[in-house]
Amino acid sequence: MAAYRCSSPVWLFILCSFSVFIIAGSEETPVAQEQHANVPDNPQTAAETAEQTEKETGGAEERRWEGTEVRDAATQKQAEPVVLQSTPRPKDDFQEELVVRPLHSGDIYASFQFRTLWETDFMRGNKVSHYRLFPKSLGQVISKFSVRELHISFTQGYWRTMQWGQPYLPSPPGAELWVWFQDSVTDVDATWKELTNVLSGIFCASLNFIDSTNTVQPSASFKPLGIGNVTDHRFLRYATLPREIVCTENLTPWKKLLPCGSKAGLAVLLKSEKLFHSSFHSQAVHIRPVCQDWQCKTTSWELRQTLNVVFDLHNSGQGKREWSLFKMFSRTLTEACPLASSSKIYIDITDNPEGEHFELSPATSLLSQAMVLGDRRTFSVYDLTQQDTFGSVRSLNLLIRWKSTEGDMLRPLLHAERYVAGYGLQTGEIHTLMYNNHPYRSFPVLLLDSVPWYLRLYIHTLTVTSKGKDNKPSYIHYQPSKDRVRPHLLEMLVQLPPNSVTEVTVQFERALLKWTEYTPDPNHGFYVGSSVISSLVPSTVAMDTNSTQERPLFSSFFPCKEESSYFVRVYTEPLLVNLPTPDFSMPYNVICLTCTVVAVGYGSLYNLLTRSFQIEEPSPGLAKRIANVIRKMRGVPPL
Amino acid sequence: MKTHLLFNLFTTFLLADGLNIEDSAGQFFSSGHTNNWAVLVCTSRFWFNYRHVANTLSVYRSVKRLGIPDSHIVLMLADDMACNHRNPKPATVFSHKNMELNVYGDDVEVDYRGYEVTVENFLRVLTGRLPPSTPRSKRLLSDDRSNILIYLTGHGGNGFLKFQDSEEISNVELADAFEQMWQKRRYNELLFIIDTCQGASMYERFYSPNLMALASSQVGEDSLSHQPDLAIGVHLMDRYTFYLLEFLEDIHPASKANMNDLFKVCPKSQCVSTPGHRTDLFLRDPGSVLITDFFGSVRKVEITTEAIDLTEPIKEVEERPANGDVHKEMHSYVDQLPVSEIIHQKPKQKDWHPPDGFILGLWTLILLVFFQTYGIKHLRHIF
């Protein structure tokens, strides 16, 4: 109110001064123009002086506000085309690819990979400020928390190895996060806690539930996937949230990290209504330092965003076995991402050499072979950077039509299952089965088990048997749990004999939680995260150890050191166990019952003891009352 | 001549100023907010409470459509309906039967989901008392020029609102939270909408200025749901929010509809319950409050007559390789499963922690007893 009252004389003053200006002449408009013209002049002069000082000192080329330099260049070099200026080699590179693999069960597996390679140095306190293709939010996370490697995945559904084979990029159900920090970090646990909170904001997931009760520090699994020579496991943290739900709200920020967003290139196919109507959906982000060239003297940072999805044949409608891009994603492709240096689609046609099982249209002459998952596979390639891929209709809709349903699948060499045995709500037994389907080779596997503290494992009952006989692991690392602080961590290196099943059993007892520690829906049960089985499986063909050749992205994720085997990671199912759950309505029932008993029992006794009785005349009837009134009037004592 | 001109101009300016005063008076009574925030909360869990999630998402959709960006919306959904395994159409949440309107959409960002939606987190978001590592998208970073829209839905009763079937928030707590917000200057004006049974009881206890509240039913009445969908199997929306969504679909960012129109949404004939509202704490007249003051967003527009050249690319300054020539060591990838290394691994050095708790107490007791029996001065002879 006061402010308003003050403003009216101010307005008058302004109006008066305005009128003075009008009377003074027509100098007003040139004044304004001069003011406008002054503004560009100043930065121009500043840029000129800056350039002069640079020329004088010949000093370091720091990044200045290039905007003014451009304007300066525009005014000085007037009609010069941009091409003539020497453009430096771009330091970052973006590639996208889609691999489609028809599965024997009739389903189809599509795997998207988007890779950004950037030659920069996040380590050693280097300040990076100019981001082009690499997303700024992730770059800031890497620099602020001194992260060397970051792997995060969100998965809905479980990968059925026996029906579908091995995935290109394995992931457990729920959310999984494992991070290697740099050795400059002093307090890894505090940094880990802050990192999980920041990532929960970036990916809209409840990663802030990751705390010390579900974080472990594996001692031999999860070696870094990027380059490096420091493998001190003190800087590694691994956590998994098996209950985490994946939905469009996780896909939206994931898509926003891509350079082209979801507007161009392969990412236009990522529509949530089709992607989540599938048997398996997994999206992941992997950040690691990689070699830039074959000499491997300089490192560049690689960001891989991967999305694996398996579409169910019967879920999507018609019974006949026919898949197309439109049927899978309800979109077709019209162009590659303009920022991508390569944009390709690979269709796995190894099982269809002469075209007798299925027919692929539009036909393509590009073929490529790659060594992936221990096998040499042949792929038909569609290069989206070439205009003729899209044909005359300017859109690409791949169609795969099946003619026969024969053929069976090679059994995957390594496969695992896990289940809970036992009855009742007191004890139980966890069984993990590992299958080695190789006919004559045995190979070692590293089993990592992280069990929450409320399942108290009895490690003295741990047995490992193969083919009925005891199989002693060559390395066991066990860290016992601490109630409400740490989970159990069990790591074992087991040699699997050929063509056998190895069973690992351990008994446990269920703990009773405090009543505030139960979730709002405790009768659903509590989840135990998947076991991780890492192994070097012997391969049927010689794997490619040359890490720098131009290889499709899906075959170059796991580094390959020797030719005769390839690295594979298998995740088992998560377990759902019921803990003894109290009846949460009991506090209310007890209060009601106690109050009733107190009121009835004690209350009646109290009344009997403290109540005093008085005799009272009952109130007389109506006739008597009228008579009493008349008697009072007459002055006669009442009845 | 000049003085005559001056006098004329002076009188015209006075008259103009008089008009200006009226304009300024009108402007004074318009909202002086500079930014908009929205806090949308669904408090119910389980599949049969699908309609509460649909309620919240339809308000989210309207608010986003009218201009409030995701960074200014705190969306809290207590359960996931879209990707629930019981949903016959995954990644969709419908508000109308025959699946006409998918309120979930393709561009949704949920800030608090699942078990994170608790009374404590809700009050912390309102009052701003969050742990330091909370990300920005989970914070309500409003200031004293912010207009905030708060929408709550779920199961409620006389004076409370149930959160996730395990706890509840009372109307006193809510009123105190708003008072904390007022004292910390966290809002300019606040619109509170609640769609639960006996919703009017939740705004009875408000006592902070500049609050306007709407509820879907009075004390003693139940808010009813609109219609079930036979394909999905549950009720899709509540009546009040259904008609509210219908009303908001007609609002566009330049609309001049005001709060009196909002009070008329869903009369008793359509809603079965009687919607209520409370405006006694609000300083302005509800007829002068635009719907877009709360549901839309203020946009700062600066008109410039300059031309800005965007066609020339920014020249990248070539960085001098800082240490590249010095380092010539070969990097290599790490062996993923080094069997021999693992087998011969030395047990890792555990960080030494000082003894805590029981052990410390035990040693203290032993030392005390020792010194008690032997005494300090005799220790000279022992050592």
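The values are calculated or read from the model by the stated rules, or taken from the named source; none is laboratory data. Keep in mind it's a predicted model, so treat the numbers as computed, not measured. Because the Cβ atoms are built from the backbone with ideal geometry, glycine has one as well, and the counts that use them run over all protein chains shown. Each accessible area value is taken on the protein alone, full model and side chains, heavy atoms only, with ligands, DNA and RNA left out. Shrake-Rupley method; radii C 1.70, N 1.55, O 1.52, S 1.80 Å.
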Can you spot a residue in the stretch B:176-197 that is more than 20 Å from the chain's Cα centre (by Cα) and at negative phi?
-> yes
Look at the stretch B:194-215 and say how many of its residues are without any contact (Cβ under 8 Å) to a residue 60 or more places away in the chain and either in contact with a Cys (Cβ under 9 Å, 6 or more places away or on another chain) or not in a loop (DSSP other than H, G, I, E, B) (or both).
-> 3
Would you confirm whether any residue within the stretch A:446-458 is out of contact with any Ser or Thr (no Cβ under 9 Å at 6 or more places or on another chain), among the small types (Gly, Ala, Ser) and closer than 28 Å to A:Thr581 by Cα?
-> no
Has the stretch B:136-144 got at least one residue that is within 14 Å of chain A (Cβ to nearest Cβ), basic (Lys, Arg) and open to solvent by less than 30 Å² (accessible area, probe 1.4 Å)?
-> yes
The stretch A:101-111, residues that are of a type in the set (A, V, I, L, M, F, W, C) and either surrounded by fewer than 21 Cβ atoms within 10 Å (Cβ to Cβ) or outside any strand (DSSP E or B) (or both) = A:Leu103
If you take the residues in the stretch B:145-180 that are without any contact (Cβ under 8 Å) to a residue 60 or more places away in the chain and under 18 Å from B:Tyr115 (Cβ atoms), which one is least open to solvent (accessible area, probe 1.4 Å)?
-> B:Ile169
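Yes or no, residue by residue, for (1) crowded, with 19+ Cβ neighbours inside 10 Å; (2) modelled with pLDDT under 90:
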site: A:Glu503; (1), (2): no, no
site: A:Phe508; (1), (2): yes, no
site: A:Gly529; (1), (2): yes, no
site: A:Ser534; (1), (2): yes, no
site: A:Val537; (1), (2): yes, no
site: A:Ser564; (1), (2): no, yes
Here, helices (runs of 4 or more DSSP H) confined to the stretch B:235-293 with at least 2 residues that are of a type outside the set (Phe, Trp, Tyr) and open to solvent by less than 20 Å² (accessible area, probe 1.4 Å) are B:239-249, B:259-263
Residues of the stretch A:621-639 being surrounded by 11 or more Cβ atoms within 10 Å (Cβ to Cβ), touching a residue at least 12 places away in the same chain (Cβ under 8 Å) and in contact with a helix residue (DSSP H, G or I) (Cβ under 7 Å, 6 or more places away or on another chain), which ones?
-> none
Matching residues in the stretch A:265-294 - criterion: being in a loop (DSSP other than H, G, I, E, B) and of a type in the set (Ser, Thr, Tyr) = A:Ser278, A:Ser279
Being aliphatic (A, V, I, L, M) and free of Cβ contacts under 8 Å to residues at least 40 places away in the same chain narrows A:Ile476, A:Ile400 down to just A:Ile476
Hey, among the residues in the stretch A:228-240 that are touching a helix residue (DSSP H, G or I) at 6+ places or on another chain (Cβ under 7 Å) and surrounded by 20 or more Cβ atoms within 10 Å (Cβ to Cβ), which one's farthest from the other protein chains (Cβ to nearest Cβ)?
-> A:Arg237
Extreme residue, farthest from the other protein chains (Cβ to nearest Cβ), among residues of the stretch A:257-273 that are free of Cβ contacts under 8 Å to residues at least 40 places away in the same chain and open to solvent by 10 Å² or more (accessible area, probe 1.4 Å) = A:Lys263
Any idea which of A:Pro497, A:Pro487, A:Pro439 is within 22 Å of A:Thr540 (Cβ to Cβ) and either among the β-branched types (Val, Ile, Thr) or surrounded by 13 or more Cβ atoms within 10 Å (Cβ to Cβ) (or both)?
-> A:Pro497
Can you confirm whether the stretch A:590-608 contains a residue that is of a type in the set (Gly, Ala, Ser), out of contact with any helix residue (DSSP H, G or I) (no Cβ under 9 Å at 6 or more places or on another chain) and loosely packed, with under 10 Cβ neighbours inside 10 Å?
-> no
Which one of B:Gln270, B:Gln345, B:Gln336 is modelled with pLDDT under 85 and in contact with a Lys or Arg (Cβ under 9 Å, 6 or more places away or on another chain)?
-> B:Gln336
Answer yes or no: is there a residue in the stretch A:145-153 that is open to solvent by 10 Å² or more (accessible area, probe 1.4 Å), away from every other protein chain (no Cβ under 13 Å) and under 18 Å from the mean Cα position of the chain (by Cα).
-> no
Tell me, please, whether a residue that is within 14 Å of another protein chain (Cβ to nearest Cβ), open to solvent by less than 70 Å² (accessible area, probe 1.4 Å) and either modelled with pLDDT under 85 or on the phi < 0 side of the Ramachandran plot (or both) can be found in the stretch B:356-364.
-> yes
Quick one: how many residues across the stretch B:294-317 are surrounded by 12 or more Cβ atoms within 10 Å (Cβ to Cβ) and either within 9 Å of chain A (Cβ to nearest Cβ) or modelled with pLDDT under 80 (or both)?
-> 5
Mind checking whether some residue in the stretch A:213-220 is surrounded by 21 or more Cβ atoms within 10 Å (Cβ to Cβ), of a type in the set (A, V, I, L, M) and more than 16 Å from the chain's Cα centre (by Cα)?
-> yes
Selection status of B:Ser71, closer than 23 Å to B:Ile150 by Cβ, small (Gly, Ala, Ser) and either open to solvent by 10 Å² or more (accessible area, probe 1.4 Å) or modelled with pLDDT under 95 (or both) | yes
Could you grab the pairs with beta carbons closer than 9 Å, sequence gap of 6+ or different chains, first residue in the stretch A:280-305 and within 8 Å of chain B (Cβ to nearest Cβ) and without any contact (Cβ under 8 Å) to a residue 60 or more places away in the chain, second one surrounded by fewer than 21 Cβ atoms within 10 Å (Cβ to Cβ) and small (Gly, Ala, Ser)?
-> A:Lys297/B:Gly324
Of the numbered conditions (1) more than 11 Å from every other protein chain (Cβ to nearest Cβ); (2) in contact with a Cys (Cβ under 8 Å, 6 or more places away or on another chain), A:Gln156 satisfies every one except a single condition; which is it?
-> (1)
Would you pick out the residues in the stretch A:444-475 that are open to solvent by 40 Å² or more (accessible area, probe 1.4 Å), more than 14 Å from chain B (Cβ to nearest Cβ) and in a loop (DSSP other than H, G, I, E, B)?
-> A:Lys467, A:Gly468
Positions within the stretch A:163-207 being within 14 Å of another protein chain (Cβ to nearest Cβ), of a type in the set (Phe, Trp, Tyr) and over 30 Å from A:Asp107 (Cα atoms), in sequence order | A:Trp178, A:Trp180, A:Trp192
The residue that is nearest to A:Thr299 (Cα to Cα), considering only those in the stretch A:119-136 that are at pLDDT 90 or above and crowded, with 17+ Cβ neighbours inside 10 Å, is A:Phe134
